[in-house]
1. Would you say residue 127 is within 20 Å of residue 96 (Cα to Cα), modelled with pLDDT under 90 and surrounded by fewer than 17 Cβ atoms within 10 Å (Cβ to Cβ)?
2. Which of the following residues is surrounded by 10 or more Cβ atoms within 10 Å (Cβ to Cβ) and either among the aromatic types (Phe, Trp, Tyr) or modelled with pLDDT under 85 (or both): 52, 119, 24?
3. So which residues in the stretch 130-148 are buried (at least 16 other Cβ atoms within 10 Å of the Cβ), under 20 Å from residue 84 (Cα atoms) and of a type in the set (A, V, I, L, M, F, W, C)?
Amino acid sequence: MTTEPPRERHVSEPGLPRWVPAAIGIVLVVMAGLAVYTGLHFRNPTLANGIIKNRRPPKMTGGGPPGEPEPGASLVFPENSPTAGGPTAAGAAQMSARRGLITNVVPEDAMVYVNGVAIGEARQFNTIDKVYDFPAEGNYTVRIVAPGYQDAQFLIKASENAQLEIARIDVRLSAPRAAPAASSSTRR
């Protein structure tokens with residue numbers, strides 16, 4: 001029998017260094033971890049509500065677009081909001097509405113007060129898309145004030161069973177009544 005000579009092994013075979021497969025494994029594990037984290041973090045509703053805490057303040061709930069005041073909020077002093085059931089004004093015109101009010105006031109720069117809280121100028125509530133929404137059911141005293149004019153007052157009852165959705169205040173403020181002139185009659 002013939003014996004074959006032993007094959008020679010090439011010691012300098014081209015191959016990868018030993019650290020390359022370990023580095024590839026570490027990169028794959030990191031990528032998988034990031035995929036799992038972002039998958040849990042951005043899913044709505046998230047699976048990680050108990051694990052990942054939201055750092056943003058909760059969104060305001062309301063019917064308007066972001067940045068708009070909530071129903072009943074004052075456009076002049078946003079931290080103030082009139083409450084229902086304020087004082088009633090004697091002799092004020094009475095109205096009722098389910099949702100809110102709009103104004104048609106001359107002069108347009110007259111200030112509108114609801115239960116003593118300034119909510120803005122009359123021109124800010126003069127169209128159907130600029131309605132002042134009442135925050136809750138109840139009675140609201142609306143006072144319209146302009147320098148050099150007499151005040152006008154209205155009592156609006158906000159309730160679900162009102163006939164009108166929106167109360168419309170149409171008023172032309174009148175100049176103040178002149179005080180009777182003092183007669184200066186002098187006798188000689």
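1. yes
2. After applying the criteria, what remains is 52.
3. Result: 131, 134, 142, 144.
The values are calculated or read from the model by the stated rules, or taken from the named source; none is laboratory data. Please read all numbers here as calculations on a predicted model, not as lab measurements. Heads up, the Cβs are rebuilt from the backbone with ideal geometry, glycines too, and the neighbour counts pull from every protein chain shown.
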